[in-house]
1. So for the range 249-291, what percent of the C-alpha to C-alpha distances run longer than 12 Å?
2. Looking at this model, which pairs from 65/471; 319/432; 65/433 are more than 32 angstrom apart at the alpha-carbon?
3. How large is Rg over Rh for the range 311-423, taking Rg from the Cα atoms and Rh as the Kirkwood inverse mean of 1/r across Cα pairs?
4. Taking the Cα atoms of the range 111-167 alone, what are Rg (to one decimal) and Dmax (as a whole number) in Å?
5. Compute the separation of the alpha-carbon centres of the range 409-484 and the range 200-240 and state it in Å as a whole number.
6. Taking every eigenvalue of the Cα gyration tensor of the range 375-474, multiplying by 5 and rooting it, what semi-axes result, largest first, whole Å?
7. Determine how many Å³ per residue the convex hull of the Cα atoms of the chain encloses.
8. Which residues in the range 279-316 have a backbone N closer than 19 Å to a point placed 7 Å from the Cα of residue 169 along the Cα-to-Cβ line?
Amino acid sequence: MTASGVRVRIAPSPTGEPHVGTAYIALFNYLFAKKHGGEFILRIEDTDATRSTPEFETKVLDALKWCGLEWSEGPDIGGPYGPYRQSDRKDMYQPYAQELLDKGHAFRCFCTPERLTEMREAQRASGKPPKYDGLCLKYSAEDVSAKMAAGEGSVIRMKIPTEGSCDFTDGVYGDVSIPWDSVDMQVLIKGDGMPTYHMANVIDDHLMKITHVARGEEWLASVPKHILLYRYFEWDQPVFMHLSLMRNADKSKLSKRKNPTSISYYSALGYIPEALMNFLGLFFVQIAEGEELLDIEELAGKFDPENLSKAGAIFDIQKLDWLNGRWIREKMSEEEFRGRVLTWAMENDRLMAGLALSQSRVSKLGELPDLMGFLLKSDLNLDPSAFAKIKSPPEEILEILNTVQPDLEKILEWNVESIEAELRAIGDRMGKKLKIIVAPLFVAVSGSSRSLPLFDSMAILGRSVVRQRLKLAAQAVAALVGPK
Ligand code: GLU
């Protein structure tokens, strides 16, 4: 335990490409720990077994390490309150659920999914927000035992007060009051025995002695459930701080549909981690104009969690580019710059794998930049005329690009085989030959129709860069198709 006793955590769910929003929250927690001489902990929240994958867990750890945000306890290094992966803790939650049942703070619910759907539809139809109606509260202990003995499936739900409101002070939002009436009887343990996020999160924060919970504002509405759990268990609750979400320039929530949101996209394009942290850290400090260029130590020194704005952090790419350029020009020696470039080119095996694919395709080494340059470029500057050589009409090309892009999101493990299998499946579904499908993808991904093998190139470029290139290609082709 550190002198201050401050313990904070980042608790990502490994369900997708690590998001810059995760780096933003992680940085806040990291700076908070640094400022207070506390500990910064990493916990993997993978209770959603259908969406969590080991690939994404590795990626989230790698991405946060790339950012330079080191944790002192986590699934990779252990620590005194481990394990730090919720799926490895799954047997720890059951006794706590039993305690809540025994104290009468929770109940077993036998409602079938069909009944719950019907109930919600009826509520919606009468203009009410969908919420569990408490049907199973009526069962006596004997009823419950009989149902369990008969093998009826059940979940465990928490009881919620019927009157009054949950009042608390959030470190960012100030005083908050949420009527209990609007809080759902949350499922705590699912039918398969796994805890839900809310249950595991509160128990783990308590067992890991977390003192401050700083996370995205999307969790603010969940605080009443969490506070109630702390009360039911008679535990001290942590201080809650809900940070405003990062937004696009148009104030909409930052999402990959508008802007690339994966950390891996920014690392692939050659953003410097210090510049990304500098950019994100500026949302947490008060500085005068001209003081923008700050490293993590300087950010920690100026870090001011009492003075955060609720306005939202605008993800202004131009500002990030400006800071990144300044880091490259002003903060690096020539030697350091060279080292960075080489490390970057080696990331994801881009350079080596690209050379391996190129060797059989060149007669002079000087052809390499044209042939494999697309693996390193931040922007292909794709011209719509690049698609002219493809036999398909622009309408068909657009249809292919727009189908492939969301479909590739479904791939769980991003590699040559899975990409090929998915593209073949798309071809079958669209009733088109693979040849027809891949022609526009070649151009979209590499900028040229004479290039390296497509599936390998896509694997090397990575999911987030491919996503962005397909999106930009679709925009270019849409200009050819013109308004309908
Ligand atoms: N697993 C949650 C997430 O990924 C953590 C939220 C929290 O910090 O409580 O957003």
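The values are calculated or read from the model by the stated rules, or taken from the named source; none is laboratory data. Note that this is a predicted model, so its numbers are computed, not measured. Using ideal geometry, Cβ is built from the backbone for each residue, glycine included, and neighbour counts are taken over all protein chains shown. Surface areas here come from the heavy atoms of the whole protein model, side chains and all, with no ligands, DNA or RNA. Shrake-Rupley method; radii C 1.70, N 1.55, O 1.52, S 1.80 Å.
1. 70 percent
2. 319/432; 65/433
3. 1.03
4. 14.0, 42
5. Rounded to whole Å, the Cα centres lie 43 Å apart.
6. 18, 17, 12
7. 196 Å³
8. What the label zone holds, given the 19 Å backbone N cut-off, is 304-310.
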